[in-house]
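Notes follow the structure.
Laboratory data are not the source of any read-out in this text; all were calculated from the coordinates shown. Bear in mind the structure is a predicted one, so any value in this text is a computation, not a measurement. We place every Cβ from the backbone using ideal geometry, glycine too, and count neighbours over all the protein chains shown.
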Amino acid sequence: MFSKIEVNGQNAHPLWKWLKEQPNGKGLFGNSIKWNFTKFLINREGQVVKRYGPLDDPSVRTKSLEHYYTTQKISLLFFFLCVFLIFLKIISI
């Protein structure tokens, strides 16, 4: 669980490949993860709702999270699991 994983390229971890392949998981300037702080908002059904880049304003993410939590009953546990995986990648570099 604490090993370094690839997020881009041929050896990318399957979770990251899947996240980037989803219709709402595509990046603005290509599909690769540009920096460590890319985040994905995932609904209860496991679908990517939105992708946030490292330069996105945190207040926008908070508003999106509140919106989807109240209207779509977003799975916060799964969302924070993804954030935790991103954090693990950051500290292993």
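What to note about this one:
- Cβ-placed point charges (K, R +1; D, E -1), dipole of the stretch 1-63 about Cα centre in debye, nearest 20: 80 debye
- A simple packing score, the average count of other Cβ atoms within 10 Å per residue, orders the peptides 37-43, 25-31, 9-15 as 37-43, 25-31, 9-15, with the highest score first.
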